Amino acid sequence: MLHALTGALAALSFAVASPAAAQGTPYPNKALKLLVGFPPGGSTDLAARVLAAKLSQSLGQVVVVENRAGASGNIAAEAVAHAAPDGYTLMMAATSFAAAPAFFDKLGWDPVKDFTPIALVATVPILVVTSPSLPIKSLPDLVAYSKANPGKLNLASPGATTLTRLSGEMFKQVAGLDWVTVNYKGGAPAMQDMLAGLSHVMFANISDVLPQVKAGKLTPIAVTTPKRSAVVPDVPTLAESGYPGFSFATWQAVVGPPGMPREIVERLNTEIRNAMATADSQAQFLSFGTDAATSSPDELSRLLASEVAKIKKIAQSVDTTR
């Protein structure tokens, strides 16, 4: 009797365990996690949630967005770098991911070597805005006014180690302008001082300032992308405004742990590209100030390597301790 009962329990245990433990089960067979290194509500978080909803439908498994904010996104990156390479833990990376080696000496991970590139998701234009209290309607206006009033304009920086701050500093150098850089703890406080007239110029992620631009509370004068943005199609590029070759943009992309199987990477890349190609995804991205984009894994790999090198070079030319 005891033998029969033991056998029955063993059979039941096998029946329960075997579906989860079975080898060769088609991917995916359980929920996926998409980590975001920033608090809810920002453009990276919003992009992740739009994509997660699409992937949940196409993959047939729930994709859960998990916010692990802190240390400029480094906490989430650290978690993904050491996760199992099975395709169930992914990250929505932003430009700060590629910028980290330029600003942090002891990371414990490398954005090029310690991650599997999967797909680019969006580009985020950097928008040059000024306070409407100033007599400035264009980039030439800004340059002329700055040169006529040296040291009197404050450059609002969302943070000392942000690409938006670096792009403003680089433009200041290229144009030969005397601006006072004021570093804030994020885009929101920087924008508040812009609205109050305490700072005067800001190179900002377009998603951070778009509502204020639409409300006429900030004046948009240029985008830093090579082409005009679909978000603000009437705003000229820096190149159109007299500064050819000056180009900056932030971006968002999906990456995974190192060593992911190629077939899983290709499956995810296909589903992400399909998701970004839909009209409703593109409309949702535009609503919070980003342009939907796609890439192959190899294209994203080249972008990451290029961005890491470019940002390191820029950071070396700017005093980021101020």
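Laboratory data are not the source of any read-out in this text; all were calculated from the coordinates shown. Just so you know, these numbers come straight off a predicted model, no measurement behind them. Cβ placement follows ideal geometry from the backbone for every residue including glycine, while neighbour counts extend to all protein chains displayed.
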Helix-only estimate, please: 222 nm mean residue ellipticity of the chain, summing -39500 (n - 2.57) across DSSP H runs of length 4 or more and dividing by its residues, to the nearest 500. -13500 deg cm²/dmol
Gain in span if fully extended, residue 214 to residue 149, counting 0.36 nm per residue against the direct Cα distance: 20.6 nm
Past the 22 angstrom mark, what percentage of all C-alpha to C-alpha distances in region 125-223 do you count? 15
Magnitude of the Cβ-charge dipole (Lys and Arg +1, Asp and Glu -1) of region 125-223 about the Cα centre, nearest 20 debye, reported as 80
Need one number: nm distance between label points at residue 263 and residue 303, each 7 Å from Cα along Cα→Cβ, rounded to one decimal. 2.7
Computed magnitude of the charge dipole of the chain (debye, nearest 20; Cβ of K, R +1, Cβ of D, E -1): 380
Cβ density ranking, 10 Å radius, fewest first, applied to 110, 45, 280 yields 280, 110, 45
Considering only Cα-Cα distances, which of the following residue pairs are longer than 29 Å: 54/106; 172/310; 185/217? 54/106
All lysines inside 22 Å of residue 214 as judged from Cα atoms, apart from same-chain residues fewer than 8 positions distant: 137, 227
Using only alpha carbon pairs under 8 Å that are at least six residues apart, calculate the relative contact order of the chain and give it in whole percent. 25
Name the residues of region 93-134 whose amide N is less than 15 Å from a point 7 angstrom out from the Cα of residue 247 along the C-beta direction? 123-126
Between residue 56 and residue 270, what length comes free when the chain is fully extended (0.36 nm per residue of separation minus the Cα-Cα distance, one decimal in nm)? 75.7 nm
Residue-span extension gain [residue 75 to residue 316] - 0.36 nm each, minus C-alpha spacing: 84.3 nm
Net charge of Cβ neighbours under 15 Å - reference residue 109; Lys, Arg +1; Asp, Glu -1: -1
Just to confirm a number: summing +1 for Lys and Arg and -1 for Asp and Glu over residues other than residue 256 whose beta-carbon lies under 11 angstrom from that of residue 256, what do you get? -1
I'd like the per residue volume of the convex hull spanned by the Cα atoms of the chain, given in cubic angstrom. 144
For region 137-151 versus region 187-260, the gap between their alpha-carbon centres in whole angstrom: 19
